[in-house]
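Below you'll find the structure, written out as structure tokens, and then a few comments.
The values are calculated or read from the model by the stated rules, or taken from the named source; none is laboratory data. This structure is a prediction, so every number in the text was calculated from the model and none was measured. For neighbour counting, all protein chains shown are included, and Cβ atoms are generated from backbone atoms with ideal geometry for every residue, glycine included.
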Amino acid sequence: MQPFDTVTGPAASLPAANVDTDVIMPKQFLKGIDRSGLAIGAFHTLRFDAAGAPRPDFVLNRPEWAETRFLVVGSNFGCGSSREHAVWGLLQLGIRAIIGTSFAGIFADNAANNGLLLISLDPERVGMLAGLAADPERNRLTIDLPGQVILAGDATRMAFDIPATRKDALVRGLDAIGTTLDQAGAIRAFEERYHAARPWLLR
Amino acid sequence: MSPRTLYDKIIDSHAVARLDESSGPGAEVLLYIDRTILNEYTSPQAFSGLREAGRRVWRPDAALMVVDHVNPTAPQRNAEMPDAGGANQVRYFAENSRDFGIELLDVLHPLQGIEHVVAPELGFVLPGMVIGAGDSHTTTYGALGCLGFGIGTSDIEHYLATSTLRYRRMKTMRVTLNGALPPGVTAKDVVMALIRTIGASGATGYAIEFAGDGIAALSVEGRMTICNMAVEAGARGVIMAPDQAVFDYLADKPRAPKGDLWDHAVEHWSGLRGDADAVFDREVRLEASEIEPLVTWGISPDQAVPIGERVPDPSAEPDVARRKDMQRALAYMDLTPGTALEEVAIQRAFIGSCTNARLSDLREAAAIVRGRHVAAGVRGMVVPGSSSVRRAAEAEGLDRVFIDAGFEWRQSGCSLCLAMNDDVLEPGERCASSTNRNFEGRQGAGGRTHLMSPAMVAAAAVAGHLTDVRRLAREI
Ligand code: SF4
């Protein structure tokens with residue numbers, strides 16, 4: 001996955017609560033067997049009308065937000081279905097980080113596994129950033145992950161928290177499976193002990 | 001050692017290694033996963049990842065592959081899917097089953113069905129296990145005393161390659177249900193009441209342990225309904241301590257242990273409970289006697305009210321953001337504040353999904369429609385949760401009850417729950433649905449979903465509008 005160091009770009013505000021993964025990636029885009037071609041599906045119903053024409057009033061279709069890298073979102077973003085297609089589509093659309101008050105659990109894990117940075121902040125700070133994101137004059141942010149800080153043009157500096165292991169994996173773009181397989185011996189030893197005590201689990 | 005919850009004990013017994021210095025919620029461990037269930041739409045990219053990296057599946061016999069999301073539910077079954085995308089997914093699914101040596105229940109298999117219905121009825125999931133699987137409703141298995149939670153495709157790949165997940169411990173929430181449910185009130189109403197009480201993100205970051213005499217009094221199938229839908233409150237993992245009802249449920253399941261192994265297992269399972277003085281991060285109490293049949297009026301599962309009430313008025317909501325969410329929901333649902341819910345007419349009625357399409361659900365719905373008929377202008381569908389449920393229902397004549405009442409009696413699959421096959425709502429159609437998600441467009445672009453219990457769906461189908469099942473039940 002693509003490492004996340006310091007990224008700069010426009011942010012867009014999507015304030016609705018409970019934006020679910022059916023909205024982020026509607027079901028007609030779930031029929032593939034690879035990860036590609038999902039940019040078109042991201043927020044499809046919000047971005048395009050029934051005839052497939054872009055809706056001019058949707059924020060990501062407006063020229064000031066053409067190169068959007070960050071979303072500032074409402075609470076419980078990414079709830080619902082486990083579909084990782086939602087995260088793949090957002091990344092393919094160019095989104096690198098999402099800032100909100102709370103994220104649904106499976107969505108958060110999917111994001112971490114693909115290098116999409118999620119930042120949780122208190123409602124006041126999210127509201128402040130949403131205000132910046134909604135203003136085309138001030139919507140450029142810089143997110144410095146190693147420094148754990150969000151910077152805006154008006155000298156705003158906002159620190160954020162992230163678990164150390166998650167940050168390390170994002171900054172280095174680590175392959176989690178490779179890292180785990182380094183412990184294959186420990187897994188095998190555990191498995192033998194575990195099944196010896198529970199013989200009914202062996203099929 | 002300080003007193004531990006059942007969740008803590010299960011995580012501790014499955015921790016291969018610690019991955020950071022911390023302990024308690026947020027601490028990262030390498031977690032051993034006992035079983036997984038794979039479906040055709042969230043797994044393909046995981047197998048592609050294994051192929052690209054030249055990796056094997058660590059324990060092929062711990063996984064089960066089930067086709068359920070994309071297949072049609074028309075009475076005549078065909079191996080080929082009618083649409084190119086679905087056909088491609090099903091073909092690749094079979095190829096992955098062969099190449100990686102994992103058992104497949106394809107659409108023609110007599111045991112095919114919705115994954116969360118099939119796994120328990122096979123005895124594939126057992127108490128004390130940790131089940132991580134590529135579908136959010138994996139929480140269902142909590143009813144059997146195992147910890148179930150959904151994972152995304154990257155984690156499916158991680159699981160397949162290692163039999164483990166890199167896992168962060170959750171906070172714990174205990175939900176206690178006190179007392180007995182009044183007549184006409186079901187497990188579905190319990191979980192909808194919970195979601196309504198704590199909100200659609202009320203359990204985000206938590207694993208829920210259900211407890212109380214109200215839970216103990218429920219059937220195992222009813223408990224599955226609760227664990228299944230608890231994910232709609234954001235719960236990332238659900239568990240109920242296993243009891244005699246669970247052991248009785250499992251005793252005759254084909255893949256459950258037999259003979260001495262069974263006795264050994266039950267002895268071990270009987271000890272699966274939290275310490276009496278364990279402390280939870282949050283406690284929620286529900287009084288069964290206060291729960292009524294609920295229906296959703298909006299586009300989030302927490303937007304629900306008792307059937308006797310009216311569509312709420314956003315202008316009475318002081319919080320601006322919530323008011324806007326309510327307005328958006330009512331606009332999508334085409335509902336006017338103050339309308340009595342019992343006056344809302346429907347065009348579709350759907351009894352199905354992993355939440356509510358087990359045999360007991362079909363029995364409850366059939367009891368309501370027996371000797372009655374679906375109202376004019378309503379299309380009613382019954383989609384059994386599995387092919388086994390379908391056969392069992394036919395053996396006791398439930399198919400005739402539904403067909404005589406004007407319902408379509410269909411083959412098993414996810415069907416109209418997420419409309420990835422050809423069972424879809426037309427734009428503007430309003431559906432009484434026994435499913436779990438009323439999101440915008442979930443059952444078809446522009447379709448309007450009202451969630452409720454299967455008996456309530458049956459009552460609405462007969463009445464032609466949302467209605468209180470207790471009224472019909474009195475007339476039986
Ligand atoms: S029935 Fe619905 S909720 Fe259950 S697995 Fe299928 S699509 Fe998901």
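Would the range A:64-82 turn up any residue that is in a helix (DSSP H, G or I), at pLDDT 95 or above and farther than 17 Å from B:THR42 by Cβ? Lay out the reasoning, then the answer.
Just the residues of the range A:64-82 that are in a helix (DSSP H, G or I), to begin with: A:64-65.
Restricting the remaining residues to those that are at pLDDT 95 or above gives A:65.
Restricting the remaining residues to those that are farther than 17 Å from B:THR42 by Cβ gives A:65.
Yes, because at least one residue in the range A:64-82 is in a helix (DSSP H, G or I), at pLDDT 95 or above and farther than 17 Å from B:THR42 by Cβ.
Which members of the range B:60-108 meet the condition of being among the small types (Gly, Ala, Ser), surrounded by fewer than 15 Cβ atoms within 10 Å (Cβ to Cβ) and part of a helix (DSSP H, G or I)?
Matches in the range B:60-108: B:ALA84 only.
If a residue counts only when it is aromatic (Phe, Trp, Tyr) and within 16 Å of the ligand (Cβ to nearest atom), which strands (runs of 3 or more DSSP E) contained entirely in the range B:323-414 have at least 1 such residues? Full working, then the answer.
On the way: elements: B:348-351, B:379-382, B:407-409.
The qualifying strands (runs of 3 or more DSSP E) are B:348-351.
Whether any residue in the range A:104-118 is surrounded by fewer than 20 Cβ atoms within 10 Å (Cβ to Cβ), in contact (Cβ under 8 Å) with a residue 40 or more places away in the chain and within 13 Å of chain B (Cβ to nearest Cβ) is what I want to check.
yes
Could you please tell me which pairs satisfy a Cβ distance under 9 Å, a separation of 6+ or placement on different chains, a first residue in the range A:84-102 that is in the same structural domain as A:VAL72 (by TED's automatic domain parsing) and buried (at least 24 other Cβ atoms within 10 Å of the Cβ), and a second residue that is assigned to a helix (DSSP H, G or I) and of a type in the set (Lys, Arg)?
That search, which allows pairs on different chains as well, returns A:ILE99/A:ARG125.
Looking at (1) more than 13 Å from chain B (Cβ to nearest Cβ); (2) in contact with a Lys or Arg (Cβ under 8 Å, 6 or more places away or on another chain), which one does A:LEU30 not meet, given that it meets all the others?
(1)
For the range B:81-92, check the following and say yes or no: at least one residue is away from the ligand (no atom under 16 Å from the Cβ) and closer than 27 Å to B:ARG166 by Cβ.
Checked the range B:81-92: at least one residue is away from the ligand (no atom under 16 Å from the Cβ) and closer than 27 Å to B:ARG166 by Cβ.
Considering only residues of the range B:369-392 that are surrounded by fewer than 24 Cβ atoms within 10 Å (Cβ to Cβ) and hydrophobic (A, V, I, L, M, F, W, C), which is farthest from the chain's Cα centre (by Cα)?
B:ALA376
Determine, yes or no, whether A:ASP57 is away from chain B (no Cβ under 13 Å), more than 18 Å from the chain's Cα centre (by Cα), closer than 27 Å to B:GLY446 by Cα and acidic (Asp, Glu).
Values: away from chain B (no Cβ under 13 Å): yes; more than 18 Å from the chain's Cα centre (by Cα): yes; closer than 27 Å to B:GLY446 by Cα: yes; acidic (Asp, Glu): yes.
Yes: the conditions hold for A:ASP57.
Inside the range B:21-43, can you point out the residues that are more than 10 Å from chain A (Cβ to nearest Cβ), over 23 Å from the mean Cα position of the chain (by Cα) and of a type outside the set (S, T, N, Q)?
The answer is B:GLY24, B:PRO25, B:VAL29, B:LEU31.
As an exercise: evaluate B:GLY274 against (1) assigned by TED's automatic domain parsing to the domain that holds B:SER13; (2) over 21 Å from B:ALA235 (Cα atoms) and give the number of the one condition it does not meet.
(2)
Could you run through the range B:47-80 and say how many residues are within 16 Å of the ligand (Cβ to nearest atom) and out of contact with any strand residue (DSSP E or B) (no Cβ under 6 Å at 6 or more places or on another chain)? Quick ask: steps written out before the conclusion?
Taking the range B:47-80 as the starting set, the residues that turn out to be within 16 Å of the ligand (Cβ to nearest atom) are B:64-73.
Retained after the next criterion (residues that are out of contact with any strand residue (DSSP E or B) (no Cβ under 6 Å at 6 or more places or on another chain)): B:67-73.
Count: 7.
Output the residues belonging to the range B:209-237 that are out of contact with any strand residue (DSSP E or B) (no Cβ under 7 Å at 6 or more places or on another chain) and free of Cβ contacts under 8 Å to residues at least 60 places away in the same chain.
Correct list: B:ALA216, B:ALA217, B:LEU218.
Determine whether B:ARG196 is assigned to a strand (DSSP E or B), more than 16 Å from the ligand (Cβ to nearest atom), farther than 30 Å from A:ALA189 by Cβ and assigned by TED's automatic domain parsing to the domain that holds B:ALA265. I'd like the intermediate steps shown before the answer.
On the way: assigned to a strand (DSSP E or B): no; more than 16 Å from the ligand (Cβ to nearest atom): yes; farther than 30 Å from A:ALA189 by Cβ: yes; assigned by TED's automatic domain parsing to the domain that holds B:ALA265: yes.
So B:ARG196 does not fit the description; no.
Restricted to the range A:161-176, and to residues that are closer than 24 Å to A:ARG125 by Cα and free of Cβ contacts under 8 Å to residues at least 60 places away in the same chain, which residue is surrounded by the most Cβ atoms within 10 Å (Cβ to Cβ)?
Filtering the range A:161-176 for residues that are closer than 24 Å to A:ARG125 by Cα and free of Cβ contacts under 8 Å to residues at least 60 places away in the same chain, the one surrounded by the most Cβ atoms within 10 Å (Cβ to Cβ) comes out as A:ARG166.
Is the range A:132-152 home to any residue that is at the interface with chain B (Cβ under 10 Å from one of its Cβ atoms) and touching a helix residue (DSSP H, G or I) at 6+ places or on another chain (Cβ under 7 Å)? Can you show your working first?
First, the residues of the range A:132-152 that are at the interface with chain B (Cβ under 10 Å from one of its Cβ atoms): none.
No: the range A:132-152 contains no residue that is at the interface with chain B (Cβ under 10 Å from one of its Cβ atoms) and touching a helix residue (DSSP H, G or I) at 6+ places or on another chain (Cβ under 7 Å).
Checking A:ASN61 against (1) closer than 24 Å to B:ALA233 by Cα; (2) free of Cβ contacts under 8 Å to residues at least 24 places away in the same chain, only one condition comes out false. Which one?
Unmet condition: (1).
Taking the condition more than 27 Å from A:ASN76 (Cβ to Cβ), within 14 Å of another protein chain (Cβ to nearest Cβ) and not charged (D, E, K, R), does A:LEU202 pass?
Details: more than 27 Å from A:ASN76 (Cβ to Cβ): yes; within 14 Å of another protein chain (Cβ to nearest Cβ): yes; not charged (D, E, K, R): yes.
Yes: the conditions hold for A:LEU202.
Which condition number in (1) assigned to a helix (DSSP H, G or I); (2) under 14 Å from the mean Cα position of the chain (by Cα) is the one that A:GLN2 fails?
Result: A:GLN2 passes all but (1).
Can you say whether B:HIS158 is assigned to a helix (DSSP H, G or I) and either in the same structural domain as B:MET65 (by TED's automatic domain parsing) or more than 16 Å from the ligand (Cβ to nearest atom) (or both), as far as the supplied structure shows?
Values: assigned to a helix (DSSP H, G or I): yes; either in the same structural domain as B:MET65 (by TED's automatic domain parsing) or more than 16 Å from the ligand (Cβ to nearest atom) (or both): yes.
Criteria met by B:HIS158.
Give the residue that is nearest to the chain's Cα centre (by Cα), with candidates limited to residues of the range B:44-59 that are more than 9 Å from chain A (Cβ to nearest Cβ) and not in a helix (DSSP H, G or I).
In this case the residue turns out to be B:VAL57.
Considering each of B:ARG442, B:ARG437 in turn, give the residue that is within 13 Å of the ligand (Cβ to nearest atom), within 14 Å of chain A (Cβ to nearest Cβ) and farther than 24 Å from B:ALA84 by Cα. Write out each step before concluding.
Details: B:ARG442 fails: farther than 24 Å from B:ALA84 by Cα.
Only one candidate passes the filter, namely B:ARG437.
State whether one or more residues within the range A:14-27 are touching a His at 6+ places or on another chain (Cβ under 7 Å) and either under 26 Å from A:GLY127 (Cα atoms) or more than 12 Å from chain B (Cβ to nearest Cβ) (or both). Step through it out loud before you land on a result.
As a first pass, look at the range A:14-27 and keep what is touching a His at 6+ places or on another chain (Cβ under 7 Å): A:25-26.
Imposing the further condition that a residue be either under 26 Å from A:GLY127 (Cα atoms) or more than 12 Å from chain B (Cβ to nearest Cβ) (or both) reduces the set to A:25.
Yes: the range A:14-27 contains one or more residues that are touching a His at 6+ places or on another chain (Cβ under 7 Å) and either under 26 Å from A:GLY127 (Cα atoms) or more than 12 Å from chain B (Cβ to nearest Cβ) (or both).
Kindly indicate whether B:ALA345 is in contact with a Gly (Cβ under 9 Å, 6 or more places away or on another chain), modelled with pLDDT under 95 and outside the structural domain of B:ASP135 (by TED's automatic domain parsing). It would help to see each step written out before you state the result.
On the way: in contact with a Gly (Cβ under 9 Å, 6 or more places away or on another chain): yes; modelled with pLDDT under 95: no; outside the structural domain of B:ASP135 (by TED's automatic domain parsing): yes.
The answer is no for B:ALA345.
Examine the range B:165-179 for a residue that is within 16 Å of the ligand (Cβ to nearest atom), closer than 27 Å to B:ASP20 by Cα and in contact with a helix residue (DSSP H, G or I) (Cβ under 9 Å, 6 or more places away or on another chain), and state whether such a residue exists. Outline the logic, then answer.
Quick first cut of the range B:165-179, residues within 16 Å of the ligand (Cβ to nearest atom) only: none.
There is no residue in the range B:165-179 that is within 16 Å of the ligand (Cβ to nearest atom), closer than 27 Å to B:ASP20 by Cα and in contact with a helix residue (DSSP H, G or I) (Cβ under 9 Å, 6 or more places away or on another chain).
B:ASP422: assigned by TED's automatic domain parsing to the domain that holds B:ARG328, surrounded by fewer than 19 Cβ atoms within 10 Å (Cβ to Cβ) and within 15 Å of the ligand (Cβ to nearest atom), yes or no?
Values: assigned by TED's automatic domain parsing to the domain that holds B:ARG328: yes; surrounded by fewer than 19 Cβ atoms within 10 Å (Cβ to Cβ): yes; within 15 Å of the ligand (Cβ to nearest atom): yes.
When the stated conditions are applied, B:ASP422 passes them.
What single numbered condition from (1) more than 23 Å from B:LEU122 (Cβ to Cβ); (2) in contact with a Cys (Cβ under 9 Å, 6 or more places away or on another chain); (3) polar (S, T, N, Q) fails to hold for B:ASN88?
Status for B:ASN88: all satisfied but (2).
Only one residue in B:GLY134, B:GLY184, B:GLY148, B:GLY123 is touching a residue at least 12 places away in the same chain (Cβ under 8 Å) and facing chain A (nearest Cβ under 9 Å), so which one is that?
On the way: B:GLY184 fails: facing chain A (nearest Cβ under 9 Å); B:GLY148 fails: facing chain A (nearest Cβ under 9 Å); B:GLY123 fails: facing chain A (nearest Cβ under 9 Å).
Of the residues listed, the single one that is touching a residue at least 12 places away in the same chain (Cβ under 8 Å) and facing chain A (nearest Cβ under 9 Å) is B:GLY134.
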